[in-house]
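A.B. asks: Could you have a look at this structure, given as structure tokens, before my questions?
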Amino acid sequence: MVWMFVSPMLLHKFSPPFDELPFDENEYISELKIDGIRLLLAKWDNVIKLYTRHGNEITGKFPELLNIVIPNGTILDGEVVVPGPGGKPDFEETMSRFQAGRNGIQPIQYCVFDIIYLEDKRITHLPLLKRKELLKSLIKPSQYIAPVEWTTGNAEAYFNLTKEHGLEGIVIKKADSLYKIKNRSHNWLKVINYSFADVYITGLRKNEFGLLLSLEEGNKMRPVGLMEFMVPAARKKFYQEYRNYVVDENKDFIFLEPKIKAKVKYRNLTKENKLRIPSFVEFIS
């Protein structure tokens, strides 16, 4: 079979309350949202190749996965992670290992949640639970690869459990959903365990939209990251106000007095104590 890249199925976002749909019934399954790098593993002619969700071949990055025992003509879909303390995925270490490639020393694991081809046959027409069965029979958990565990329904309880353990969140999937290549489907929903913070906007990037954020600590402002996600109406309001608070600038940024306050949501704190992927929620008067 000719080598090819299969563009993976993508998720839609969902926010509680969970009673909007029957997520606790047998119609849906819940599984952990893995905080890693989306990875497709394909094996043809006894050779394994690895691809990102955007189709970039990264086979040389993770040589540990190149001897995985699976049939020819198989494509797996999952996330590669570097396990941290207690097995919790460590995104920063995962990115560090990705950048280092085969020279990296961090151990990885490939967490597989779906199968797209099996023995040269496209199986995207099979319902999700059937694909899960095939995956479980195919993949035996080992140091480098494991199928993602899931439960029937129980979305709210499962999400609360991820919050208790500081995990990224969950994915809710319709049990009979087909695998829609190159599609973002409402049959797969991600529920992110966001944290929230009240911050000051202390700068504006010049060449590309981005706002510098700071937290007030005592009598000082501590920089906590760059926010790139803001709805158009909020951007418009910001642009109408920020010139009143300009104090300095350099070739990259315009710096502001800490006068504009906002609530943001973010994934977690980085090792440098910055907000990971902050996004705008609302202005605070």
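A.B. asks: So, VAL281, is that one buried (at least 17 other Cβ atoms within 10 Å of the Cβ), farther than 18 Å from LYS206 by Cβ and not small (Gly, Ala, Ser) or not?
C.D. replies: yes
A.B. asks: I would also like to ask the following. Which of the residues that make up region 177-187 are closer than 13 Å to THR124 by Cβ and of a type outside the set (Val, Ile, Thr)?
C.D. replies: SER177, LEU178, TYR179, LYS180, LYS182, ASN183, SER185, ASN187 - these are the residues of region 177-187 that are closer than 13 Å to THR124 by Cβ and of a type outside the set (Val, Ile, Thr).
A.B. asks: Listed residues THR74, THR59; which is of a type outside the set (A, V, I, L, M) and within 19 Å of ILE108 (Cα to Cα)?
C.D. replies: Going through THR74, THR59 in turn, just one is of a type outside the set (A, V, I, L, M) and within 19 Å of ILE108 (Cα to Cα): THR59.
Each reported figure results from applying straightforward, stated rules to the coordinates on display, with no laboratory input. Remember, predicted model here, so these are calculated numbers, not experimental data. Glycine gets a Cβ as well: all are built from the backbone with ideal geometry, and neighbour counts include every protein chain shown.
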